[in-house]
Amino acid sequence: MVTHRSATPATLLLLLLTGVVAGPASAADDALAHANRLLSSTILIDGHNDLPITIRGATKGDVRSYDLRGHAPGQTDIPRLRAGHVGAQFWSVYIPGEMKGGGFARMQLEQIDIARRLIDTYPDVFRFAGSAADIRAAHAAGRIASLLGIEGGHAIEDSLGALRAYYDLGVRYMTLTHNSHTDWADSAMPETPKSGGLSPFGEQVVREMNRLGMLVDLSHTAPDTMRDAIAVSKAPVIFSHAAARGLVDIPRNVPDDVIRSLPGNGGVLMVTFVAGFVSADAAKVLFPAMKEFYRSAGGVKSEEERRALYEDFKKKLVLPRVTVKDVADHIDYVVKLAGVDHVGIGGDFDGNDLWPEGLSDVSMFPNLFAELIRRGWSDRDLKKLAGENVLRAMERAEKVARELQATTAPAISLGGK
């Protein structure tokens, strides 16, 4: 916006009326105030936050020494969660899948333990949740409902018994892959397929997740894995943190045909904020670097070695400018293809350091909603985006689980593939 010192009062009035100069109560301010009011009256559910692995790296799992009441070193702490109006959070209990030597189940249990202790450390702020009803009850009590999501099917080590044990510990979604193939499901990275989507055992994993009531998360999976899982699943699937390949053509994003299939399944694509996934220009820098990182990480044998490699990877990255509008474009695109009932929010905070301007930590969710308000979104549709769509998907998955448990015994598997 430009103003001129010599402008007459009449000229200034004309500029104000035409929007060239912002008045004391600008449209931007009005939209942000509107967003804050709306998010104060609904449940904002974020599908993916990697704080547990951040705590592991920073403190070796000493939850109490990573103080969330002050300004934490990452993108997540209690004051910023409150400023962002976060009502429910899926805490990702991520473990890397590309390290040599296995031991995935042990590290997975440790990450679940970190997340559960995190929730218990701040009982006045967080409340553990295992269902849609728990989310609503926590919100009514002024707490942030806290759910757990496994990021990568390597964590079950080809065991349905392990899958059931994770559910009993509170896990309510599992991403079928991370950035490496499992024995039974293909990842988006590497791009050379292994199973051609889901293997027969992979289909069995999806069916057992349906029986348990654990959401099938298709973020990170190859398109054929997405298609196979949607075809097999009797319950809605989710993408806990993904974006649209029609706007940014990288393997990590979701193809148009898969997005269009979500209404038939009842699923929800929760749009991520990661700069390199929502901006084509940023993706041209980020994605080749990611492929190189994962090629290198495949040879590491310890968490410390991998962490050092990742820090070196981040230092070399310089991305072009990305803004809130880029994320809003992906949300609008999903709505165009699948409808407003099938979109949600999956920030991926503390999972990387590459954010759009205005969406760089958990306090900034209102900025995104303000952008959508300026685009003409109704309050009804904004509430669906914020959390109502995910609650509907969860409630449907819970109903499917009750029906299956009444007719279907737990699948037997001791390390089968």
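The values are calculated or read from the model by the stated rules, or taken from the named source; none is laboratory data. In this text, all values refer to a predicted model and were calculated from it rather than measured experimentally. Every residue, glycine among them, receives a Cβ derived from its backbone with ideal geometry; neighbour counts consider all protein chains shown.
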Need pairs with beta-carbon distance below 6 Å; first residue closer than 20 Å to MET270 by Cβ and without any contact (Cβ under 8 Å) to a residue 40 or more places away in the chain and within the stretch 318-333, second among the polar types (S, T, N, Q) and crowded, with 21+ Cβ neighbours inside 10 Å; sequence gap 6+ or separate chains. none
List every residue pair whose Cβ atoms sit under 6 Å apart, with the two residues 6 or more apart in sequence or on different chains, where the first one lies in the stretch 389-412 and is more than 16 Å from VAL237 (Cα to Cα) and touching a residue at least 24 places away in the same chain (Cβ under 8 Å) and the second, anywhere, is of a type in the set (A, V, I, L, M) and crowded, with 18+ Cβ neighbours inside 10 Å. ALA411/LEU160
Out of GLY267, GLY276, GLY246, GLY298, I need the residue that is touching a Phe, Trp or Tyr at 6+ places or on another chain (Cβ under 8 Å) and surrounded by fewer than 19 Cβ atoms within 10 Å (Cβ to Cβ). Which one? GLY246
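From the residues in the stretch 385-401 that are acidic (Asp, Glu) and within 12 Å of LEU215 (Cβ to Cβ), which one is surrounded by the most Cβ atoms within 10 Å (Cβ to Cβ)?
Filtering the stretch 385-401 for residues that are acidic (Asp, Glu) and within 12 Å of LEU215 (Cβ to Cβ), the one surrounded by the most Cβ atoms within 10 Å (Cβ to Cβ) comes out as GLU398.
State whether one or more residues within the stretch 341-363 are assigned to a helix (DSSP H, G or I), of a type in the set (Asp, Glu) and free of Cβ contacts under 8 Å to residues at least 12 places away in the same chain.
Checked against the condition, which is being assigned to a helix (DSSP H, G or I), of a type in the set (Asp, Glu) and free of Cβ contacts under 8 Å to residues at least 12 places away in the same chain, the stretch 341-363 yields no hits at all.
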By residue number, the members of the stretch 187-196 that are part of a loop (DSSP other than H, G, I, E, B), closer than 16 Å to MET226 by Cβ and under 22 Å from the mean Cα position of the chain (by Cα) are ALA188, MET189, GLU191
List pairs: first in the stretch 288-303 and charged (D, E, K, R), second outside any helix (DSSP H, G or I), Cβ under 6 Å, 6+ apart or cross-chain? LYS301/LYS100; LYS301/GLY101
Regarding THR182, is this residue more than 24 Å from ALA58 (Cα to Cα), modelled with pLDDT under 95, in a loop (DSSP other than H, G, I, E, B) and of a type in the set (Ser, Thr, Tyr)? no
With the requirement that a residue be more than 21 Å from the chain's Cα centre (by Cα), surrounded by fewer than 17 Cβ atoms within 10 Å (Cβ to Cβ) and modelled with pLDDT of 95 or more, what does the stretch 63-105 give you? ARG64, SER65, ASP67, ARG69, GLY70, HIS71
